[in-house]
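The values are calculated or read from the model by the stated rules, or taken from the named source; none is laboratory data. Please read all numbers here as calculations on a predicted model, not as lab measurements. Note: ideal-geometry Cβ built from the backbone for every residue, glycine included; neighbour counts use all protein chains shown. Heavy atoms of the whole protein, side chains included, go into the accessibility calculation; ligands, DNA and RNA do not. Shrake-Rupley method; radii C 1.70, N 1.55, O 1.52, S 1.80 Å.
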Amino acid sequence: SKAYWLRMRQTFVGMSDEDVVKRGYLNESGIKSILVGKKWFVLRRDSRYGRMRLDYYKNERSARNGELPQGFIPLHDVLSVELRQGSNGTFQILATQGSVRSFSCSSLTEAEEWVSSLQLLVFGTDSPPTRPRPLESDATLFMSRGSRCRFRVMPQDITHLDIQGPCEMEVTNEEIRLCDMATGNRLETWPINAIRRYGRNDSCFTFEAGRRCRTGEGYFTFLTSGQDSEQLYQKVHANSQEIARRARVLAHTV
């Protein structure tokens, strides 16, 4: 609506450079891209003006004059940012929902600078782990073909869920499901590619849900036996790695 775009213009005109991380010209290319061609991009961190994102403009002058960006690319659900193998200055942004955005720069050095800036902003490091990442870094993968996918759990101090008593947790290729022990009815689900972190100890399994989950953001802890918590962890870990692998394969076919 006209009122909406008026509010947007007032917001962008009032913005300063306090949230700017990097800016410059990039070429986005790809069959599914709607931004084919050269655009002026501004990388912004979280601020009172909005969440971290890549704003894009027709050119540098329109950005400097305080004009509205032509659009933006959200970065809160980014899975990875990496240079494209075999290219001379192309990098890709992979999001958890499977979207792939490819950008080319005038040189390999410039592309490396963009990748480093994006990784530092999104992951807090220029060598990010694959998301979703474990809460613990010393885990080893030992999944067997006959490992269980269903586990008896007890929700612990979870204000996000109106659930009491023992439940059954099922881990599928794509999601974590919480089911009623007696009826088997599904009580809640969390897409694995929307889980930010996960971990376990001798008595519980814990994960941090992202904003794309139906429950919203937050930590969820479930009491279980030591053996079950380890198998839960390894099952989620194996499936999250497979999701990341499929995303990388998709990226290299674009």
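Counting charges near H76 (Lys, Arg +1; Asp, Glu -1) among other residues having Cβ under 11 Å from its Cβ returns a value of +2.
Listed values for region 52-59 are Karplus-derived 3J(HN,Hα) couplings in whole Hz (6.51 cos²θ - 1.76 cosθ + 1.60, θ = phi - 60°), namely 4, 5, 10, 7, 10, 10, 4, 7, and x replaces Gly and Pro.
The trypsin sites (Lys or Arg not before Pro) of region 147-217 that DSSP puts in a loop, and whose beta carbon has at most 16 other beta carbons within 10 Å, are R148, R211, R212, R214. From most to least packed by mean Cβ count within 10 Å, the peptides 82-90, 107-115 give 107-115, 82-90. Phi-derived couplings, Karplus 6.51 cos²θ - 1.76 cosθ + 1.60 at θ = phi - 60°, listed residue by residue for region 219-225: 9, 10, 10, 10, 6, 6, 6 Hz, with x used for Gly and Pro.
In this structure M181 has an accessible area near 80 Å², from a 1.4 Å probe over the protein heavy atoms. Each of F123 and R152 was given a label point 7 Å from its Cα along the Cα-to-Cβ line. The distance between the two points is 4.0 nm.
Here E82 and E217 are evaluated by their C-beta separation; at R0 = 22 Å the FRET efficiency comes out at 0.25.
The stretch between F72 and E174, if pulled fully straight at 0.36 nm per residue, gains 33.9 nm over its current Cα-Cα span.
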